[in-house]
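Heads up, the thing below is written out as structure tokens.
Where a number appears in this text, it was derived from the coordinates with a stated rule and is not lab data. As the structure is a prediction and not an experimental result, all values here were calculated from the model. Note: ideal-geometry Cβ built from the backbone for every residue, glycine included; neighbour counts use all protein chains shown.
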Amino acid sequence: MLNFVAHRQSLLHAMEDNSIAVIPSAKLQVRNRDAEFPFRQSSDFFYLTGFTEDNACLVLIKKYDQKSKSLQQQSYLFCQTKVKEMEIWTGYRLGPDAAIEHLSVEQAFAIEELDKQLPDLMSDCDSVYALWGDDKVWDASLIDAIEKVKLKARTGVSAPTAMLAVEPLLHDLRLIKSDDEIAIMKRAADLSAEAHVVAMETVKPGMYEYQLEGLIRNHCAQGGARFDAYSSIVGSGQNACVLHYTANDQVIKDGDLILIDAGCEINHYASDITRTFPANGQFSAEQKALYQLVLDAQLAAIDAVKPGNHFNHPHEAAVKVLTKGLVELGLLNGDVDELIEKEAYKPFYMHKTGHWLGLDVHDVGSYKIKGQWRALKPGMVLTVEPGLYVSPDETSVDEKWRGIGIRIEDDVLVTDTGHQVLSENVPKSVADVEALTSTNK
């Protein structure tokens, strides 16, 4: 069970003394006319509260109390009140009264009270932590509250003098996952892995890409995942060479490779898996050669995920394997080390080998500290996803290679002794992939 109180306490501990943090929930977003997109809570707000309603705000205060002569830490939630008429239309609301017990905050108020109370809550605070620059309306409301505190200067009240970004503190906390967070991410990865296997077993030439997308979404929904972690990529043939292809509307042809990058989220935590496989159950010679090269690169990169190595070590390992293989296959010519230094591989491999994974599919947390790649530590989760993409109009290579796009991606946890592949249940060897995709052919 996720410990949101502990998350708040960790942030409060990291905050400066005599400071306040103001963190809003996500807003409902209009899809068209008066219809809204399904609501998904802000990851930062969810991490600190577990609250899944819109139009809310969390306020954390760390301030020296003159009466008790001690440093006090308090959390306040501002949320929508319970209005029976509105609940008939839009559903149940927790309300401020129940929020104190259910969310373990010290105090809770109606969201309409926020503007009125913020100046008092900010009084005698030296710093205001917020997501400055994320929302101009929120920025303006916080600045207005600070100005109102300044008006009370003659009463002996001091106003905040520093506007600090909360992201460096909060996002560093989110980067290291607890055992409970890891357990949820493993469930999401397992369910997404099952869905990828279903797609591989079902694929046939003549299907539409979106039908495979639908199979994956249906399997994840049946398994308890309400939402995708991101828009699925289902690219067949040369569409697989488009890194963020999401049209998913083309007919799958005999002889196509299909690249599926898809994953569900459970309780807001994401999975992110990519597999590439033949529509007809059999790799061509060129497809197999490039696929095996990408797989070898991915295995080398995964081996580089361990405490003490830095974030870029897996990428460096993948680039070395890919460049060497491209030379051996004749797509590149020259000395491997020189080609790497010149980034000659980039026409075929133009992205990094991974990213942080968590509440966001491209999760928060800095990749460098003071200009140096961040060291990997237990509890971090990252993707490992090398690929090769030979554009259909890449005239520098033999025509037989053109239009082949391949990526293999897994979710990898850094452990005390090395790593654990959370998405290990999706086969990826040539033999296993062909065995799965040849089913019912």
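So the values come out like this:
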| read-out | value |
| --- | --- |
| Net length gained if the chain between residue 282 and residue 337 were fully extended (0.36 nm per residue, minus Cα distance) | 16.4 nm |
| Largest-first principal axis extents, alpha carbons of the stretch 1-136, Å | 52, 34, 32 |
| The stretch 205-261 versus the stretch 292-313: alpha-carbon centroid distance in Å | 26 |
| Cα-centred dipole magnitude for the stretch 275-342, charges only on beta-carbon of K, R (+1) and D, E (-1), debye, nearest 20 | 320 |
| Computed over the stretch 60-183, the ratio Rg/Rh where both radii use C-alpha atoms and Rh is Kirkwood | 1.02 |
| Extension gain from residue 151 to residue 429, taking 0.36 nm per residue of separation minus the Cα-Cα distance | 93.2 nm |
| Spacing of the two label points (7 Å from each Cα toward its C-beta) at residue 254 and residue 85, in nm | 6.5 |
| Kirkwood-type radius of the stretch 176-437, with distances r between different C-alpha atoms, in Å | 18.5 |
| Straight-distance crosslink candidates among aspartates and glutamates, where the alpha carbon sits under 15 Å from residue 253 and sequence neighbours closer than 8 are dropped | 209 |
| Those Cys residues of the chain for which no other cysteine Cβ falls under 4.7 Å | 57, 79, 125, 241 |
| Extension gain (nm, one decimal) between residue 204 and residue 289, 0.36 nm per residue minus Cα-Cα | 28.4 nm |
| Which listed pairs, of 67/148; 84/148; 27/62; 63/136; 370/428, have C-alpha distances above 32 Å, in listed order | 84/148; 370/428 |
| Magnitude of the charge dipole, the stretch 176-437, Cβ model with Lys/Arg +1 and Asp/Glu -1, debye to 20 | 360 |
| Computed FRET value (nearest 0.05) for residue 67 with residue 421, which takes r as the C-beta separation and R₀ as 56 Å | 0.55 |
| Residue among 91, 293, 396 farthest towards the positive dipole end of the chain, charges placed on Cβ | 91 |
| Cβ-placed point charges (K, R +1; D, E -1), dipole of the chain about Cα centre in debye, nearest 20 | 700 |
| Distance-filtered residues of the stretch 354-391 - backbone nitrogen under 13 Å, label point 7 angstrom along residue 244 Cα→Cβ | 362 |
| Debye log10 I(q)/I(0) at q = 0.07, 0.10, 0.13 Å⁻¹ for the chain, Cα point scatterers | -0.43, -0.80, -1.14 |
| Where a label projected 7 Å from the Cα of residue 393 along Cα→Cβ would reach, residues of the stretch 236-264 with amide N under 20 Å | 236-247 |
